[in-house]
Amino acid sequence: KLNKPHQFWETQPMPNINELDSLKPGPIQEGILAEVRQDPYNLISKFEWCNVDLRNDEQAQQVYTLLKENYVEDDDNMFRFDYSIDFLRWALLPPGQHPDWIVGVKVNQKLVGFITGIPVTLHIENQQTKVKMTEINFLCVHKKIRANRLAPVLIKEITRRVHIKNMWQAVYTAGIVVPTPISQTRYYHRSLNAKKLIEVGFSSLSARQTISRQQKLYKLPEEPKTQGLRPMKKKDVAQVTKLLNEYLKQFKLYFKYTEDEVKHWFIPRKDVISTYVVEKEQGVVTDFLSFYNLPSQVIKNPKHTHLRAAYSYYNVATKTPIVQLMYDALILAKNEGYDVFNALDIMENEKFLKELMFCPGDGQLNYYLYNWKLESNMLKPEEIGIVLV
Ligand SMILES: CN(C)Cc1n[nH]c2ccc(-c3ccc(F)cc3OCCn3ccnc3)cc12
């Protein structure tokens, strides 16, 4: 019976608890191209596969609505992610994207299921080789048709479409724990608009606290401190690429970026991605900070429909102290209208979370590698050098 917990995941090439010491590092199952199923998995009648073209406004709108109404909520079901169409195009149309990796399931032309992959090159631990694989995201089944076991079919179908391209690994994250996380990270929140966070129920006041006390506590200067801080431009791409690739080498899990990819992921896009570089000396970029825009819909609130949240993306501090650089990130995010600034405890983030008054969130974000046994069973959050949106 497939309803035992993790019954699906036990059929997948993921290390389970008692294999953690016997499996050798590297691929768990060898991929054999000739054995890959050539036709899509069967769907229950009236359900159909489709490749979603996010460049098409109608199809993008259908994805937007499915996610807005049915995607990830916080543990208390008070907030639900509200990814914008521009954001989805940024996240899912990077260089080298495969059209058949944006997978939808439709019933009577209505989108009811979704899962996506993008091509990445991942460096894993001390492996000399980098692994070409897929980054899986946006697994979503419409609330009204859950328990049809559609999610396992979506996962198997995109796995098949990745195998067909002779790729055998995947990286993904989730708030839930299924077999078997490679790292369990925690998220933290820094208040930028204390009054709103209290009004939407994101923050609460203890007996001795007042709204105006909170506002004073989290107050920020009008302008950033770092001299030479400015929005990133195309002319910075070469230097940002070198800074980023060099910086990421210290971690056990990181992507290698081409200049084309840096252009895609870091050139500022209004209401999607903000990147600022530090250029003190003429023409020399020494640091950069970046954060992305992911609002959450406030599910039931008389006064507010959305929580505007900025999420820390990649920050490289080589000359500016990281605490100062991130303090400027808070000021910039506040000035761009955000209510809260979120960050995971990955990379060097521990160095600024406490000092800049971030508060721990109520859940965790688990990182997963599909069909790969690590040398070390688990990685510490500070060993993770990848951010998934
Ligand atoms: C990563 N990407 C795959 C989306 C995703 N899936 N599952 C998740 C579980 C937690 C976070 C997360 C990551 C960083 C963070 F600062 C806060 C977060 O969630 C707060 C709870 N929440 C959920 C909706 N609105 C608020 C993201 C995700």
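The values are calculated or read from the model by the stated rules, or taken from the named source; none is laboratory data. Keep in mind that what you see is a predicted model, and the values were worked out from it rather than measured. Every residue, glycine among them, receives a Cβ derived from its backbone with ideal geometry; neighbour counts consider all protein chains shown. Note: areas computed on protein heavy atoms with side chains; ligands, DNA, RNA excluded. Shrake-Rupley method; radii C 1.70, N 1.55, O 1.52, S 1.80 Å.
Gln7 - would you say it is part of a loop (DSSP other than H, G, I, E, B), without any contact (Cβ under 8 Å) to a residue 12 or more places away in the chain, surrounded by fewer than 15 Cβ atoms within 10 Å (Cβ to Cβ) and more than 16 Å from the ligand (Cβ to nearest atom)? Yes: the conditions hold for Gln7.
Touching a Leu at 6+ places or on another chain (Cβ under 7 Å) and under 30 Å from Gly201 (Cα atoms) - does that describe any residue in the stretch 146-160? Checking the stretch 146-160: not a single residue is touching a Leu at 6+ places or on another chain (Cβ under 7 Å) and under 30 Å from Gly201 (Cα atoms). Out of Ile273, Ile299, one residue alone is within 16 Å of the ligand (Cβ to nearest atom) and within 17 Å of the chain's Cα centre (by Cα). It is Ile273. Could you check, for the stretch 236-251, whether at least one of its residues is within 16 Å of the ligand (Cβ to nearest atom), under 25 Å from Met347 (Cβ atoms) and in contact (Cβ under 8 Å) with a residue 12 or more places away in the chain? For the stretch 236-251, residues within 16 Å of the ligand (Cβ to nearest atom), under 25 Å from Met347 (Cβ atoms) and in contact (Cβ under 8 Å) with a residue 12 or more places away in the chain: absent.
Quick check on my filter: what residues within the stretch 35-61 are in a loop (DSSP other than H, G, I, E, B) and touching a strand residue (DSSP E or B) at 6+ places or on another chain (Cβ under 8 Å)?
Quick first cut of the stretch 35-61, residues in a loop (DSSP other than H, G, I, E, B) only: 36-46, 52-56.
The answer is Pro40, Leu43, Lys46, Val52, Asp53, Leu54.
Scanning the stretch 62-112 for residues that are part of a strand (DSSP E or B), within 16 Å of the ligand (Cβ to nearest atom) and of a type outside the set (A, V, I, L, M) turns up Glu73, Phe79, Arg80, Phe81. When the residues of the stretch 312-323 are narrowed to those that are more than 16 Å from the ligand (Cβ to nearest atom) and buried (at least 17 other Cβ atoms within 10 Å of the Cβ), which ends up nearest to Lys68 (Cα to Cα)? Taking the candidates together, the pick is Val316.
So that you can scan it fast, the table gives a plain yes or no per residue for (1) open to solvent by 30 Å² or more (accessible area, probe 1.4 Å); (2) touching a helix residue (DSSP H, G or I) at 6+ places or on another chain (Cβ under 9 Å); (3) in a strand (DSSP E or B):
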position	(1), (2), (3)
Glu281	yes, no, no
Phe288	no, yes, yes
Gln297	yes, yes, yes
Ala310	no, yes, yes
Asp328	no, no, no
Ile331	no, no, no
Phe341	no, yes, yes
Asp362	yes, no, yes
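Contact map, the stretch 122-139: first residue assigned to a strand (DSSP E or B), second residue charged (D, E, K, R) and open to solvent by 30 Å² or more (accessible area, probe 1.4 Å), Cβ cut-off under 7 Å, separation 6 or more or different chains; pairs are Leu122/Lys130; His123/Lys130; His123/Lys256; Lys130/Lys256. In the stretch 67-102, the qualifying residues are those that are under 18 Å from the mean Cα position of the chain (by Cα) and of a type in the set (A, V, I, L, M), and the one that is nearest to Lys144 (Cα to Cα) is Leu67.
So if I check each of Arg230, Arg208, which one is over 24 Å from the mean Cα position of the chain (by Cα), assigned to a strand (DSSP E or B) and away from the ligand (no atom under 16 Å from the Cβ)? So that I can check it myself, show each step before the final result.
Values: Arg208 fails: assigned to a strand (DSSP E or B).
None of the others qualify; the one that does is Arg230.
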